[in-house]
1. Give me the helices (runs of 4 or more DSSP H) completely within the stretch 525-585, filtered to those with at least 2 residues that are among the polar types (S, T, N, Q), ordered by residue number.
2. How many residues does the stretch 343-374 hold that are over 33 Å from the mean Cα position of the chain (by Cα), in contact (Cβ under 8 Å) with a residue 40 or more places away in the chain and farther than 12 Å from Y493 by Cβ?
3. Which numbered condition trips up S429, out of (1) assigned to a strand (DSSP E or B); (2) modelled with pLDDT under 95; (3) polar (S, T, N, Q)?
4. Among the residues of the stretch 491-519, which ones are open to solvent by 60 Å² or more (accessible area, probe 1.4 Å), modelled with pLDDT of 70 or more and assigned to a helix (DSSP H, G or I)?
5. Give me the strands (runs of 3 or more DSSP E) completely within the stretch 171-240, filtered to those with at least 3 residues that are open to solvent by 60 Å² or more (accessible area, probe 1.4 Å) and of a type in the set (D, E), ordered by residue number.
6. Scan the stretch 382-392 and give yes if some residue there is outside any helix (DSSP H, G or I), in contact with a strand residue (DSSP E or B) (Cβ under 6 Å, 6 or more places away or on another chain) and assigned by the TED database to the domain that holds S314, otherwise no.
7. Select from the stretch 375-424 the residues that are among the β-branched types (V, I, T) and more than 15 Å from R491 (Cβ to Cβ) and list them in ascending order.
8. Look at the stretch 520-546 and say how many of its residues are modelled with pLDDT under 80 and surrounded by 12 or more Cβ atoms within 10 Å (Cβ to Cβ).
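The values are calculated or read from the model by the stated rules, or taken from the named source; none is laboratory data. All values derive from a computational prediction rather than experimental measurement. Cβ sites come from the backbone with ideal geometry, for glycine too, and all protein chains shown count toward neighbours. Accessible surface is based on the protein model in full, side chains and every heavy atom, while ligands, DNA and RNA are left aside. Shrake-Rupley method; radii C 1.70, N 1.55, O 1.52, S 1.80 Å.
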Amino acid sequence: MSTMSASAPASGSKAIATSALRKAGLIDRDAQMRDDTPGGRKRKLRSGKTTRIMEIDGPIGSRSRPIRLSADPARSSDPLAGRGASRSIVAGRLRRNAVSASSIPVRIPAPRPVEAWREFVQKRWNPEARYLNLDSMIDDEIVKKYNLNPPGTGGGSARDAAVIFKLASQLKPEVQTLSLANNSLTGALLTQLSKYLPRIINLSRQNNRIRDKKEITMIVPKKDKMIHLRELILTGNPIMEQAFNNGAGATYRADMARRFASLEVLDQEAIAKISFDGPQPSISNIPVEKPSATTFPFDMGPSFITGVDPGFLSGFLARYFNVFDSQRIALVNAYHPSATFSFSANTTIPARARVAGFHSSRAMPNQRKLDWKVWVDSGSRNLNRIGSDPQKLLTNLHIGGEAIVKVLSKLPLTTHDITGPPEKFSLDSFPVPHGQGMGLLLMIHGQFTETATGGIRSFDRTFMLVAAPEDSQAKRDGWDIVILSDQWTVRNYSSHEAWKPSPLLVQAPPGPPGEQAFSIFPPDQRAALASLPEEQRNLVLKISSQTKLNAKFAVDCLSSNDWDFDRAMANFYQVKDTLARAAFL
């Protein structure tokens with residue numbers, strides 16, 4: 001009589017266990033349990049393929065549940081079934097690696113963004129023409145396929161642009177022509193263009209969003225970048241459209257030509273170039289000697305008058321300016337019926353005047369009262385301000401005596417000291433052909449006092465004079481000559497030293513600043529500066545020219561910072577708002 005193991009199941013337990021497992025869904029309905037090991041322990045289930053049971057410790061719901069794992073994932077048709085895939089099962093049963101191939105669609109992993117952009121760039125590249133066409137990137141099939149964000153779109157950035165330009169720099173042969181048209185690009189998105197593609201010859205940025213010169217500077221921060229660029233297209237960008245709408249088209253083209261020295265064609269129009277037929281110098285590394293001359297070969301001379309009696313000319317000017325200062329309407333007959341007049345307000349402070357400090361000098365307190373508004377608003381024809389707008393050019397050119405005196409009457413009242421020191425005025429006059437006869441060209445440089453403020457302005461005035469016709473009203477009023485053309489430039493005061501007969505300087509003489517440079521300080525402060533070493537005096541002059549501090553406060557600022565110029569300037573800006581008016585010139 002055989003002895004049974006104490007662990008062996010009772011008769012019929014095998015069928016009971018099989019039925020329980022089948023009802024639980026843990027074995028297939030056609031699977032049978034059998035003993036594979038001595039002692040009758042059940043280790044495997046068979047149903048055409050091998051499966052195994054693994055239990056996970058820990059509660060799932062209210063009790064531990066077994067998980068059926070595929071023992072042969074290679075036989076599954078689902079690429080995700082091998083490992084790590086899961087799905088919900090009946091009655092909340094947790095099952096791993098039992099994913100049905102029909103329940104999850106097959107997905108092909110997308111390439112990395114760099115590789116997707118590389119595919120895009122290769123598609124757009126024409127190596128035979130050395131032409132990279134990046135027009136309308138958002139509409140490209142590859143961009144849509146990989147859900148890329150081109151620069152200029154909502155999710156695109158300067159980093160995406162840099163990736164594209166870097167990939168373009170790796171193309172062979174080297175890219176010569178690049179089109180970035182129709183991409184809504186701004187200058188901030190193109191900062192890496194000159195880094196990766198510095199040798200571009202033809203570039204189109206048509207129909208983008210480049211607004212001003214600052215954005216051009218973002219794209220090409222230095223003039224030594226993109227030095228091979230021959231053709232540039234900016235049509236359809238605000239920078240180009242606004243320039244032409246405001247009558248500044250010529251200024252826009254000139255700015256682009258200065259920014260790109262090699263440019264030959266802008267917006268499909270040739271750039272005007274100045275050239276000479278003479279032989280061009282050869283390019284060599286021979287050092288060029290720096291000019292050492294400090295003056296022109298000829299000195300500044302006195303007034304120059306020829307072809308006319310100086311007394312006759314002086315009489316005309318004395319009468320004209322006396323009437324101009326007192327009753328301008330009476331000048332109507334001093335102008336030829338077809339005479340033209342325009343004036344220009346030049347608001348820039350000349351370098352000579354800035355160094356001398358005329359506009360803020362305590363010796364000329366009325367200079368601070370001067371205001372350019374009435375001059376600018378009364379029809380100034382300063383071409384640097386109004387550009388080439390035909391309407392403004394015509395509106396600010398006045399024709400005929402009545403129109404001329406009408407606009408003259410709107411301008412501030414003036415006083416010309418004609419009988420004062422003659423050195424305050426400079427005259428040049430000589431005959432010039434006019435029609436079948438001769439005319440007289442007269443150029444005057446001088447100064448006048450603006451009556452309302454007492455401030456002094458400098459001026460330049462150019463007259464074209466002709467003989468008054470016999471029996472004309474001008475002749476009857478005593479004007480032997482009449483004005484055919486009058487161009488008047490009003491500017492900030494710069495003193496009459498500019499035309500003083502003397503050697504004409506072309507650059508400052510070597511050595512420390514002369515006594516004239518320190519004349520901006522009051523006499524008592526100049527005396528105090530004399531006791532300082534030359535190096536410190538020069539620092540005082542330098543910081544005063546930039547901050548307008550008087551000598552005393554400039555010395556205090558520098559000495560408190562151990563005569564370190566940079567530290568002194570930083571200290572000045574820290575306390576600037578707390579300084580009294582007496583601290584400044």
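1. Here the list reads 534-547, 565-575.
2. 2
3. (2)
4. E497
5. Filter on the stretch 171-240 gives an empty set.
6. Taking every residue of the stretch 382-392 in turn, at least one turns out to be outside any helix (DSSP H, G or I), in contact with a strand residue (DSSP E or B) (Cβ under 6 Å, 6 or more places away or on another chain) and assigned by the TED database to the domain that holds S314.
7. The answer is I386, T395, I399, I404, V405, V407, T415, I418, T419.
8. Of the residues in the stretch 520-546, 7 are modelled with pLDDT under 80 and surrounded by 12 or more Cβ atoms within 10 Å (Cβ to Cβ).
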